[in-house]
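One structure below.
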Amino acid sequence: MNAITAHSSQLTAHSSQLTAHSSQLTAHSSQLTAHADYVIGRVFCQALKQTFSHFCEEVFSVVSQLNELIVGGVKWRL
């Protein structure tokens, strides 16, 4: 019976260690997930800013060209 009690105590100790390691892994996983979300957010946000900036440049270019056509057309008619 002493051997069984000793093994039972060892199993309990190992179980406690596994529980502690599991808690640590869960904490690390949460940290990694938060970091990944932050990085993805930054990368996505940067790409979105660049896309929006490019879009604004294109719109400004088109508006400028239309303005030149309209002003040119008015001058031509005069």
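Just so you know, all these numbers are worked out from the coordinates, no wet-lab data involved. Note that this is a predicted model, so its numbers are computed, not measured. Reconstructed Cβ throughout: ideal geometry from the backbone, glycine too, with neighbour counts over all protein chains shown.
The table that follows gives values for the structure above.
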read-out	value
Residue identified as of a type in the set (Phe, Trp, Tyr) and within 28 Å of the chain's Cα centre (by Cα) among PHE55, PHE60	PHE55
Cβ pairs under 6 Å, 6+ apart, first in region 26-37 and in contact (Cβ under 8 Å) with a residue 40 or more places away in the chain, second surrounded by fewer than 10 Cβ atoms within 10 Å (Cβ to Cβ)	none
Residues (of a type in the set (Lys, Arg) and either more than 11 Å from the chain's Cα centre (by Cα) or exposed (fewer than 10 other Cβ atoms within 10 Å of the Cβ) (or both)) located in region 6-52	LYS49
